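A.B. asks: Pasting a structure here, questions to come.
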Amino acid sequence: MSKLIKEDIDKFFIGQFEAFENSLNGESKKPLHAKRKQAIENFKSDGFPHAKNEEYKYSNIAKTFGKLFNVENLSDDNFSLSLDEATRYFIPELDAIRLVFVNGVLDNKLSDIDTLPKGVHIQVIKTAADDYAEDFEKHFNTHEIEGADNFSELNTAFTKGGVFVKIDANAVVETPIACYYFNDAKNSDVISQPRNLVIAEKNSQASLIESYVTLGENTSFTNAVTEIVVKDDCVFNYYKYQNESNQAIQVGATMVHQLGKSVFNGVTLSLNGAMLRNNLNIAIHKEHSETNMYGLYLLDGKTHVDNHTVVDHKVPNCESNEMYKGILDGQSRGVFNGKIFVRQDAQKTNAFQSNRNVVLSDDAEVDTKPQLEIWADDVQCSHGATVGQLDLDQLFYLRARGIDKQTAKSMLLNAFASDVLSNIKIEAFRTLIENKINERL
Amino acid sequence: MLSIKDLHASIEGKEILKGINLEVKPGEVHAIMGPNGSGKSTLASVLAGREDFTVDSGEITFKGNDLLELEADERAKEGVFLAFQYPIEIPGVTTTNFMKTALNKIREHKGLEPLDAVSFLSRMKEKMKLVEIDQTLLSRSLNEGFSGGEKKRNEIFQMAMLEPTLSILDETDSGLDIDALRIVANGVNKLKNEDNATIVVTHYQRLLDYIVPDFVHVLFDGKIVKTGGKELAHKLEEKGYDWIKEEAGVA
């Protein structure tokens, strides 16, 4: 197997698209396919983002893909995931609307969506494009958003097996929707490109969890996009959880279009993978909305995690809070790039952003870049980043009371992580994450 | 209980302690006084096992064991307690959780079962009264946003919870108003018994009006240059430290 360079990768995906297009019967005239075709044309312009692209400077996905991926050993349908096996990766004790995706495609047998709570509609995206044509026309890949890039274009081009989720107006959905994405790389390398559209209608409330797992020793490449439309007066909680294999490369974009008087809470938790890139792009279109973004990356080995976030304040009187924290051991690497735009009209914006990191080893690395771009003059904004080691004075204080070094270390790191974890409002999920962290620390 | 012999210690190559000798027996209160920079806090830190300091020579035995062989947490488990001059703030760890962990680690070391929630709480309540500390303070992050007096009271509260055999109070009086000083001293006095001992490190005599020492040692330039009874503290208060320096022949 020879290493692929960017040009090979571009060619490969364009070839893949042609094959994909041939496999679609009777869709060529449909609006969804027009969007796919437009997207692949957009992708062709510059192809796979490369290291010269400023936004991918610290995360050279093309290089990692070229190194780990064997296109001759590729199969998306050579899998045999049983419910028993999948269950091991479900969040224990969680009552959820369960959606299971294998290699990017919704698997009805493994999912649990036969009876849905009132006000919740879920359908595979391909058919939903017909059944919910109006929603698709309005919201599918139509909103321009800062931070979208050629990975999103590539995902749009391959739209097929993801889901469409709609929460009716005024519905309060207490059961969270849990999406488990399995890449079955037991027999071959795998590419999966799930694409979801979630619409929360006016005054509704819902929670969405996305969890990513690669099974087996082969390489997986996930290029996911979830678009979320949060309409007026909604409360929407979004969780992303990555405990991937060492051979997993992932680019995931969550694109949020937020309307008035709404609240969006996002929590991103990254524990393992080869290279994970999270794009959380949020555009605030109407006044009096609140946006909260929390993240924790707890890394060791050679895991590389890159969190790119964009909050685009387009209108006045909104508030955004962002807090990402990292704990890095081994030869791991963490990248944070948070951008806040405050447009000229967005007076009275309150926007806060912080990124704090604890580096435990000599070989771990953090690259952090908090950014503010402010065009309005009556705003309150702050941002900051810290990179440090475990505080030796704190460690000594705990030890001076009889607490051994290992326990003291774990207590301090748990405390450091706690103000991110306290934002996980689903108890079973929070317990799982706390247990994973305790195992690690 | 504690025996220090010809202790020399340094930090970053600079010698701070230059031959300390000290014997502490159960039931005794020792005061260590001295001007700033004489090595008082260094001695307290070295006893507690702070790793920034290097012990160059000498020995410390505690209850018959070589204290210098033990890590900081092992010393605490054996019954050494340091009340910090500057208690550390730890966001995200509550005092309650901290004390529960510490207490159970110490109990484990002694071969005891961990305290159940009810016994732990009743013990907390009892000890809280001793230093007039409020429950809400203890459910907050450790020392975070505490006033100076609250931090010092929290140190004595921890001491009460852990019931050490040797307590070292490192300038516990600094920055305390007279009311807080009384509360802290009262707490220490109530914890005193014939099996434990206290070392009070202080610059001023005032605390010693409340915690009455059996012995007063004057530390100067890394050595104990004078030892006496509680009247020595009064003399220092009256005359300052200069006469000590002259006596020591260094001034």
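The values are calculated or read from the model by the stated rules, or taken from the named source; none is laboratory data. Computed from a predicted structure; not experimentally measured. As a convention, Cβ positions derive from the backbone with ideal geometry for all residues, glycine included, and neighbour counts pool all protein chains shown. Remember, those area values only see protein heavy atoms, side chains included, never the ligands or the DNA or RNA. Shrake-Rupley method; radii C 1.70, N 1.55, O 1.52, S 1.80 Å.
A.B. asks: Step by step: first the residues of the range A:283-300, then only those that are free of Cβ contacts under 8 Å to residues at least 60 places away in the same chain and touching a Phe, Trp or Tyr at 6+ places or on another chain (Cβ under 8 Å), then the one that is surrounded by the fewest Cβ atoms within 10 Å (Cβ to Cβ). Which residue is that?
C.D. replies: Across the range A:283-300, the extreme among qualifying residues is A:290.
A.B. asks: Which of the residues belonging to the range A:327-350 are under 28 Å from residue A:305 (Cα atoms) and part of a loop (DSSP other than H, G, I, E, B)?
C.D. replies: A:329, A:330, A:331, A:332
A.B. asks: Examine the range A:142-149 for a residue that is within 20 Å of residue A:280 (Cα to Cα) and modelled with pLDDT of 95 or more, and state whether such a residue exists. Before the answer, list the steps.
C.D. replies: Keep residues of the range A:142-149 that are within 20 Å of residue A:280 (Cα to Cα), which gives A:142-149.
Then drop every residue that is not modelled with pLDDT of 95 or more, which leaves none.
No: the range A:142-149 contains no residue that is within 20 Å of residue A:280 (Cα to Cα) and modelled with pLDDT of 95 or more.
A.B. asks: Residue check: is residue A:249 in contact with a helix residue (DSSP H, G or I) (Cβ under 7 Å, 6 or more places away or on another chain), assigned to a strand (DSSP E or B), in the same structural domain as residue A:136 (by TED's automatic domain parsing) and crowded, with 22+ Cβ neighbours inside 10 Å?
C.D. replies: Values: in contact with a helix residue (DSSP H, G or I) (Cβ under 7 Å, 6 or more places away or on another chain): yes; assigned to a strand (DSSP E or B): yes; in the same structural domain as residue A:136 (by TED's automatic domain parsing): yes; crowded, with 22+ Cβ neighbours inside 10 Å: yes.
In short, yes.
A.B. asks: Go over the candidates A:263, A:267, A:310 one by one and state the one that is of a type in the set (A, V, I, L, M) and open to solvent by less than 10 Å² (accessible area, probe 1.4 Å).
C.D. replies: Numbers: A:263 fails: open to solvent by less than 10 Å² (accessible area, probe 1.4 Å); A:310 fails: open to solvent by less than 10 Å² (accessible area, probe 1.4 Å).
After ruling out the rest, the residue left standing is A:267.
Condition check ((1) among the small types (Gly, Ala, Ser); (2) in a loop (DSSP other than H, G, I, E, B); (3) more than 27 Å from residue B:193 (Cβ to Cβ)) across all residues:
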site: B:6; (1), (2), (3): no, no, yes
site: B:9; (1), (2), (3): yes, no, yes
site: B:27; (1), (2), (3): yes, yes, no
site: B:30; (1), (2), (3): no, no, no
site: B:38; (1), (2), (3): yes, yes, yes
site: B:43; (1), (2), (3): no, no, no
site: B:47; (1), (2), (3): no, no, no
site: B:58; (1), (2), (3): yes, no, yes
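A.B. asks: Further question on the same structure: So, in the range A:73-123, how many residues would count as being in a loop (DSSP other than H, G, I, E, B) and closer than 30 Å to residue A:204 by Cα?
C.D. replies: Of the residues in the range A:73-123, 21 are in a loop (DSSP other than H, G, I, E, B) and closer than 30 Å to residue A:204 by Cα.
A.B. asks: From the list A:137, A:153, pick out the single residue that is assigned to a helix (DSSP H, G or I), over 22 Å from residue A:115 (Cα atoms) and modelled with pLDDT of 95 or more.
C.D. replies: Details: A:137 fails: modelled with pLDDT of 95 or more.
Of the residues listed, the single one that is assigned to a helix (DSSP H, G or I), over 22 Å from residue A:115 (Cα atoms) and modelled with pLDDT of 95 or more is A:153.
A.B. asks: Which residue is most open to solvent (accessible area, probe 1.4 Å), if the candidates are limited to the range A:3-41 and must be under 20 Å from residue A:132 (Cβ atoms) and not in a helix (DSSP H, G or I)?
C.D. replies: Ranking the qualifying residues of the range A:3-41, first place goes to A:29.
A.B. asks: Are any residues in the range B:64-73 modelled with pLDDT of 95 or more and touching a helix residue (DSSP H, G or I) at 6+ places or on another chain (Cβ under 8 Å), and if so, which ones?
C.D. replies: B:67, B:70, B:71, B:72, B:73
A.B. asks: Sticking with this one: On the given criteria, is residue A:336 in contact (Cβ under 8 Å) with a residue 24 or more places away in the chain and aromatic (Phe, Trp, Tyr)? Give the steps one after another, and end with the answer.
C.D. replies: Working: in contact (Cβ under 8 Å) with a residue 24 or more places away in the chain: yes; aromatic (Phe, Trp, Tyr): yes.
Yes: the conditions hold for residue A:336.
A.B. asks: For the range B:137-159, give me each residue that is hydroxyl-bearing (Ser, Thr, Tyr) and either without any contact (Cβ under 8 Å) to a residue 24 or more places away in the chain or not in a strand (DSSP E or B) (or both).
C.D. replies: If we filter the range B:137-159 for residues that are hydroxyl-bearing (Ser, Thr, Tyr), which is where we start, we get B:139, B:141, B:147.
The answer is B:139, B:147.
A.B. asks: Conditions first: (1) farther than 30 Å from residue B:92 by Cα; (2) polar (S, T, N, Q); (3) not in a helix (DSSP H, G or I). Residue B:172 passes all but one, so which condition is the exception?
C.D. replies: Among (1) farther than 30 Å from residue B:92 by Cα; (2) polar (S, T, N, Q); (3) not in a helix (DSSP H, G or I), the lone unmet condition for residue B:172 is (1).
A.B. asks: Just to be sure I understand, how many residues within the range B:95-129 are over 25 Å from residue B:198 (Cα atoms) and within 9 Å of chain A (Cβ to nearest Cβ)?
C.D. replies: Total meeting the criteria: 1.
A.B. asks: Identify, by number, the condition in (1) surrounded by 15 or more Cβ atoms within 10 Å (Cβ to Cβ); (2) in contact (Cβ under 8 Å) with a residue 60 or more places away in the chain that residue B:181 doesn't meet.
C.D. replies: Among (1) surrounded by 15 or more Cβ atoms within 10 Å (Cβ to Cβ); (2) in contact (Cβ under 8 Å) with a residue 60 or more places away in the chain, residue B:181 violates only (2).
A.B. asks: Shifting gears a bit: Given (1) assigned to a strand (DSSP E or B); (2) surrounded by fewer than 23 Cβ atoms within 10 Å (Cβ to Cβ), where does residue B:81 come up short, assuming only one miss?
C.D. replies: Answer for residue B:81: the failing condition is (2).
A.B. asks: A further question on this structure: Please identify the pairs in which a residue from the range B:70-82 that is more than 7 Å from chain A (Cβ to nearest Cβ) has its Cβ atom under 7 Å from the Cβ atom of a residue that is among the β-branched types (Val, Ile, Thr) and open to solvent by 10 Å² or more (accessible area, probe 1.4 Å), counting only partners at least 6 apart or on another chain.
C.D. replies: B:79/B:165
A.B. asks: More than 8 Å from every other protein chain (Cβ to nearest Cβ) and open to solvent by less than 40 Å² (accessible area, probe 1.4 Å): is that true of residue B:90 in this structure?
C.D. replies: Details: more than 8 Å from every other protein chain (Cβ to nearest Cβ): no; open to solvent by less than 40 Å² (accessible area, probe 1.4 Å): yes.
In short, no.
A.B. asks: Test residue B:144 against the criterion of being over 21 Å from residue B:31 (Cα atoms), surrounded by fewer than 23 Cβ atoms within 10 Å (Cβ to Cβ) and within 13 Å of chain A (Cβ to nearest Cβ), and give yes or no. Let's see the steps before the verdict.
C.D. replies: Values: over 21 Å from residue B:31 (Cα atoms): yes; surrounded by fewer than 23 Cβ atoms within 10 Å (Cβ to Cβ): yes; within 13 Å of chain A (Cβ to nearest Cβ): yes.
Criteria met by residue B:144.
A.B. asks: Of all residues being open to solvent by 10 Å² or more (accessible area, probe 1.4 Å) and assigned to a strand (DSSP E or B) in the range A:228-246, which is farthest from residue A:171 (Cα to Cα)? Just the residue, please.
C.D. replies: Among those residues, the one meeting the criterion is A:243.
A.B. asks: Okay, moving on. Only one of these is open to solvent by 10 Å² or more (accessible area, probe 1.4 Å) and polar (S, T, N, Q): A:183, A:196, A:187. Name it.
C.D. replies: Working: A:183 fails: open to solvent by 10 Å² or more (accessible area, probe 1.4 Å); A:196 fails: open to solvent by 10 Å² or more (accessible area, probe 1.4 Å).
Answer to the selection: A:187.
A.B. asks: Against the condition among the small types (Gly, Ala, Ser), crowded, with 17+ Cβ neighbours inside 10 Å and within 14 Å of chain B (Cβ to nearest Cβ), how does residue A:346 come out, does it pass? Before the answer, list the steps.
C.D. replies: Values: among the small types (Gly, Ala, Ser): yes; crowded, with 17+ Cβ neighbours inside 10 Å: yes; within 14 Å of chain B (Cβ to nearest Cβ): no.
For residue A:346, the condition - among the small types (Gly, Ala, Ser), crowded, with 17+ Cβ neighbours inside 10 Å and within 14 Å of chain B (Cβ to nearest Cβ) - is not met.
A.B. asks: On the given criteria, is residue B:22 more than 9 Å from every other protein chain (Cβ to nearest Cβ), under 17 Å from residue B:200 (Cβ atoms) and either among the basic types (Lys, Arg) or outside any loop (DSSP other than H, G, I, E, B) (or both)? First the steps, then the outcome.
C.D. replies: Numbers: more than 9 Å from every other protein chain (Cβ to nearest Cβ): yes; under 17 Å from residue B:200 (Cβ atoms): yes; either among the basic types (Lys, Arg) or outside any loop (DSSP other than H, G, I, E, B) (or both): yes.
It is true that residue B:22 is more than 9 Å from every other protein chain (Cβ to nearest Cβ), under 17 Å from residue B:200 (Cβ atoms) and either among the basic types (Lys, Arg) or outside any loop (DSSP other than H, G, I, E, B) (or both).
A.B. asks: Taking the range A:386-424 as the search range and keeping residues that are without any contact (Cβ under 8 Å) to a residue 60 or more places away in the chain and among the aromatic types (Phe, Trp, Tyr), which one is surrounded by the fewest Cβ atoms within 10 Å (Cβ to Cβ)? Spell out how you get there, then give the answer.
C.D. replies: Kept after step one, since they are without any contact (Cβ under 8 Å) to a residue 60 or more places away in the chain, are these residues of the range A:386-424: A:386-412, A:414-415, A:418, A:422.
From what's left, among the aromatic types (Phe, Trp, Tyr): A:396-397.
Details: A:396: 22, A:397: 25.
That would be A:396.
A.B. asks: Of the residues in the range B:84-116, how many are charged (D, E, K, R) and assigned to a loop (DSSP other than H, G, I, E, B)?
C.D. replies: Let us first name the residues in the range B:84-116 that are charged (D, E, K, R), namely B:89, B:100, B:105, B:107-108, B:110, B:113, B:116.
Cutting the leftovers down to assigned to a loop (DSSP other than H, G, I, E, B) gives us B:89, B:110, B:113, B:116.
Result for the range B:84-116: 4.
A.B. asks: Scan the range A:362-381 and give yes if some residue there is touching a Leu at 6+ places or on another chain (Cβ under 9 Å), in a loop (DSSP other than H, G, I, E, B) and within 13 Å of chain B (Cβ to nearest Cβ), otherwise no. Full working, then the answer.
C.D. replies: Of all residues in the range A:362-381, those touching a Leu at 6+ places or on another chain (Cβ under 9 Å) come to A:364-366, A:381.
Okay, now just the ones that are also in a loop (DSSP other than H, G, I, E, B), so A:364.
From the residues that got through so far, the ones that are within 13 Å of chain B (Cβ to nearest Cβ) too are none.
Looking for residues that are touching a Leu at 6+ places or on another chain (Cβ under 9 Å), in a loop (DSSP other than H, G, I, E, B) and within 13 Å of chain B (Cβ to nearest Cβ), one finds none in the range A:362-381, hence no.
A.B. asks: Pull up the range B:46-66, narrow it to residues that are crowded, with 17+ Cβ neighbours inside 10 Å and touching a residue at least 60 places away in the same chain (Cβ under 8 Å), then point me to the one that is nearest to the other protein chains (Cβ to nearest Cβ). Can you show your working first?
C.D. replies: Going through the range B:46-66, the residues crowded, with 17+ Cβ neighbours inside 10 Å turn out to be B:46-50, B:53, B:58, B:60, B:62.
Of the ones still in play, those that are also touching a residue at least 60 places away in the same chain (Cβ under 8 Å) are B:47-48, B:62.
On the way: B:47: 10, B:48: 5, B:62: 14 Å.
Among them, the one singled out is B:48.
A.B. asks: Evaluate the range A:202-215: report whether one residue or more is part of a strand (DSSP E or B), open to solvent by 10 Å² or more (accessible area, probe 1.4 Å), in contact (Cβ under 8 Å) with a residue 12 or more places away in the chain and not β-branched (Val, Ile, Thr).
C.D. replies: Looking for residues that are part of a strand (DSSP E or B), open to solvent by 10 Å² or more (accessible area, probe 1.4 Å), in contact (Cβ under 8 Å) with a residue 12 or more places away in the chain and not β-branched (Val, Ile, Thr), one finds at least one in the range A:202-215, hence yes.
A.B. asks: Moving on to the next point. Give the residues of the range A:403-425 that are at the interface with chain B (Cβ under 7 Å from one of its Cβ atoms) and of a type in the set (Gly, Ala, Ser), sorted by residue number.
C.D. replies: Scanning the range A:403-425 gives A:415, A:418.
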